[in-house]
1. Semi-axes of the equivalent ellipsoid of the stretch B:44-103: what are they in whole Å, largest first, if each equals the square root of 5 times a C-alpha gyration tensor eigenvalue?
2. Suppose R0 equals 51 Å. What FRET efficiency, 1/(1 + (r/R0)^6) with r the Cβ-Cβ distance, do C:Asp376 and B:Phe125 give to the nearest 0.05?
3. Roughly speaking, what is the centre-to-centre gap between the stretch C:327-367 and the stretch B:53-103 when only Cα atoms are used, to the nearest Å?
4. Helix C:69-79 sits at what angle to the longest principal axis of chain C, using alpha carbons and giving 0 to 90 degrees rounded to 10?
5. Ratio of the stretch A:203-244's C-alpha Rg to 2.2 N^0.38 Å, to two decimals?
6. For C:Trp532 and B:Leu27, what is the calculated FRET efficiency with R₀ set at 51 Å and r taken between the beta-carbons, to the nearest 0.05?
7. Given labels modelled 7 Å from the Cα in the Cβ direction, how far is it in nm from B:Ile112 to B:Asp220?
8. Quantify how strongly other chains surround peptide B:137-149 by giving the mean number of their Cβ atoms within 10 Å of each of its Cβ atoms.
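Where a number appears in this text, it was derived from the coordinates with a stated rule and is not lab data. Nothing here was measured: the structure is a model prediction, and the numbers come from that model. A quick note on method: Cβ atoms are made from the backbone with ideal geometry, for glycine too, and the neighbour counts reach across all protein chains shown.
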Amino acid sequence: MKTRRIHRTKEDIILDFVVYTSLIFLVIITLYPFLNTLAVSFNDALDSSKGGIYLWPRKFTLYNYRSLLSRQQIFHASLISVLRTVLSTLFCTFSTAMVAYTLSRKEFVFRKLFSFIYVLTMYIDGGLIPNYFLIRNLGLTNNFWVYVLPGLVTAFNLIVIRTYINGLPESLIESARVDGAGEFTIFTRIVLPLCKPVLATIALFVAVANWNAWFDTFLYNSSNPQLSTLQYELMKVLQSANTMTGSLEQALAQAATGSMQTITPRAIRATMTVIVTVPIAVVYPFLQRYFVHGLTLGGLKE
Amino acid sequence: MKIPAMPRLFAKKTPTLAGKKSFWQTLMKQKVLLFMSLPFVIHVIIFKYIPIWGWVLAFQNYWPGKSIFDQIWVGFDNFKWLFRDPVFYQVLRNTLAMSIIQLAFGMVSSIILALIINEVRLVFFKKTAQTISYLPHFISWVVAANLIRDALSTDGGIVNEILLKLHIIKEPIMFLGIPQLFWWIIGASHVWKEVGWGAIIYLAAIASVDPNLYEAATIDGAGRLRRIWHVTLPSIQPIIVILLVMNMGYLLSSGFEQQYLLQNGRVIDYARVFTIYELDYGIKMMRYSFATAVGIFRSVVSLVLVFGANYVAKLLGQERLL
Amino acid sequence: MRRRRLLLLLLMVLTVTAASVMVSAQKTKTFTVFLSEPLPDYPGSTIVGDIIEKETGVKLQREYLVGDLETKVGLMIASGELPDMLTAAHFTSLFKDAGMLIPLNDLVEKHAPNIKRLYAKHWEQLKQEDGNVYWLPIQAIPYDTDDSRYPELGFFINKKVLKEAGWPKIKTLDEYFELIENYMKKHPRINGERTIGYVTLFDSWRSFATTNVPQHLLGYPNEGEFVPVLEAGKFVVRQYHTSNAAKAYYQKLNEMYNKGVVDKETFVLNYDQYIEKLSSGRVLGTFNQYWQVQEAQQILLRDDPESIFIPFPVVLDETIEEYQRDVPYIQATQGLAITTACKDPVGAIKFLDYLIREETQHLVQWGIKGQHYEVDENGHFYRTEEQLKLFRDPDWVRDVFGGPYFYNSFPNLRGIDKNGNSFMPDRQPHLIYADSHESEKEVMDAYGIKAFTEFYNKPRPRKYYPLWTITIPAGSPAHIEQTRMKDVLNAYVPRMVMSRTRDFEKVWAEYVKAISPLMKEQIKVYQEQIDWRMENW
């Protein structure tokens, strides 16, 4: 995209200076942790324990990745993770937007009641054991759908989308209604396209939350390896890192000859971070274009 | 004016509906809206409200393995224990202090970042900077805490090195060992890690601003700063207010890993937050009843805060939750 | 359409997933087992595992712990959804209290001659108040105990310090710090960086590395937070946190802190940073249990063998006799249990009986004779250089060999067998010295010893040992008191050490006042249990 050449005032120049310097500073301090993690993930695990790894590995190795990705379950678990993420994102985003639309209709008689019901859920929680009993009684333990169903519409996302819809010009909806469009048609044809930026945001939130989740696997599906997720498998490797070297004496015997390759919690965490973040970074630009774009592109185009 | 904590649950009859139609007639007319929302409301009632029976645990001395009816009832003992525990008040103070610092600085910095990103004209730089700024969100606190500890170390940590080089200090400062500093380290590291992620929601709101408004402002002779002030900010104001109100309810729930991983014996009196307290004195001891009591206390306080904030927003004529 | 293809793909994945669940039909006997010790999932087929499966016809469906044990145990007990067998660390007894474990006495009597024989020495310790045995501890020591290269704990000192001082034997705390201080004066920098005299670990639950020390300075082995003291023929539980030894220890640390010997930021370090410092070779001393400094020692042996840490049994003064080594013990309060959900308890106990017998133990720990180990003319097991090479690769050992999947978390044998072989290859007596690193050998030779454990006295028998395996009932007043006491230690120890020398007395007095009322309930519980153990074990 070309930027428009406007006459640059003094204000423009100062503002640009502030904008670019602060952003460059921010990029440096926010890129560093990731580069550091990347370096540690490619560095010999024991060597990393000595510290002093900054932007580049000191003793390069692929062992950390091999060690994590060679687990037999990893591929299948990744599929489950992708599946749950895709399904949750589609279902959650669509249904949350739909409910949000109804709750944005000023004339809807249940607007306040339903809003109240949802808002309350953000601040109350029955606790671990009652939740477990509920999920079990619904037959959702050892069941794939436990990843998707319980969080279908969450209050936080709902309110965010509702706020966004409230900000849309009422006239668009009114004129559609005058044309005889039903509520559902208005929602799918008028409101959804207008909501792209906020839907992209919510989709991102839902997708990331699902992609990173492992606690529901732990609670509800831990006895069925077929339903294990990537994060859960990685957690397994992480937790077992301390016992990986076998016995203390064994580790020492290895050290004595200097031929040992072992993996430490620190190396696993770094490698895990990279493994789970890279797919997000790959998918991200497709969502990003909906909420970050050039000045001339407005949300109301189309 | 109505009582603040009890918002009216039914909408007033709207002017668009002509005449004196009964409630049912209105409802029939809105049946599509009802079909679109009711199934999900039932869903949320099942998944979020049914487990609330678990709150009875707070009035028992619950022990897993026995049915809920065979438990020992203890009345308000768990709550009394909580309110009599001197640690509780320390925990309350710390949680509130750190939450408020995080909320205030977190929101302000994310909003400013969103505005700054919006001002960048080079699309490539804009997208890259935005992408990079949200990356720390994906670094777990375990990893992040180690980086922060290294940076603040007195033994060659970068912050001390820079301050020494600039002759601002003569001796390295043990930042993590100063109790009064701990809250601010938590606040600063929170901003660092979440500023980019937090900005996304404001960017989405900015994306919806009608470009014609900018055009109009420009024609009126407004500079960029004034356009930010008069066009961009007002258009994202509703989402700011709503997020503020919603987050008021999380003031007692925030934190855990961050505090847990950055604390040490030296600053423990300023570092212990509710979630850590609940874990140490509740779950780790299998005191489910006590943990539930703490949970109920937090819920009640949260609701008071949220509806209070909502009421204030209403008084100020702002976007509100209900 | 692209979209339709995506949908099709999703459906396919779902179908495949569902199908693969159904295919796992079973011909052999399958037991489900939950194991509280984390390990990556069983690879499905290993050298050791396949032999075991063939010989027993038993297949295990394992679930290793991910996440926190408290939550897992709470859910299992509350929901009553149990595997056939389980281990649950210090929560094992909760399952017994909930009536979810089956007594093993009769089963063992009738169907498990090996368990009966090999656990005979420990059997009385395993009996609960009702006279039943509900779990088999993970370790049994049926015959003699073996030894290792390093002791369980010690005041570690950098090899460089010892070498320069002419290999002195360190006995007291004063001697220890004097050596460090002198070396520091002569060498303020090591490898161009500031020398660190002493580091103490104080990171969350690992802080016992700092607070447990007074009991060891008084000559006791690791008992935990309290020490049973022999008084008039009876073990009386005493606290040591406000003892003279504690005061002398914290005062010494305070003095050293103000002199700059103790690292300034030692109390704000986490474990990773601690290991980082130790492995840099510029730390001269630290107290700890060996397993907590082992990672650093590994790194030093590889990269800087002249800076390895050598342990000494340091005590407060000359009058105290040192018995810091563990009395050989098994963890009687936890182990592998068979639950009420198990439909075939006889099959389960037979499987465990098969696992624990000597032949199987040699298989899972040593491997197959002629393939993974050899036997010399004296009947001693050893591994050739080639075999050793295999076993130095932890991935191979775990995923191809598979032994750890049958001795981690499952009952296994420790110590020396009837032929003088250690059940654990790494503790084979005649190999401890021989397999040491050259740098370790240099130290051992200088002191005329064959293992660092020889610096230490042989432990004195303590029938109840150790106190720390006593589980304080979850959520009891003693449990709350324990948490509070740890909170006080956490808050006061750094203050005591980091205060100005003239303020020490004041802070010490405050500390004593704060901690003293927080021990009564715990002592009561421990005393009861110690008495019970002395009577019944």
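1. Taking √(5λ) for each eigenvalue gives 29, 20, 8 Å, largest first.
2. Result of the calculation: an efficiency of 0.10.
3. Cα centroid of the stretch C:327-367 versus Cα centroid of the stretch B:53-103: 40 Å apart.
4. It is inclined by approximately 40 degrees.
5. Here the Cα radius of gyration is 1.27 times the empirical estimate.
6. E(calc), rounded to 0.05, equals 0.15.
7. 2.6
8. The per-residue average across the peptide is 6.
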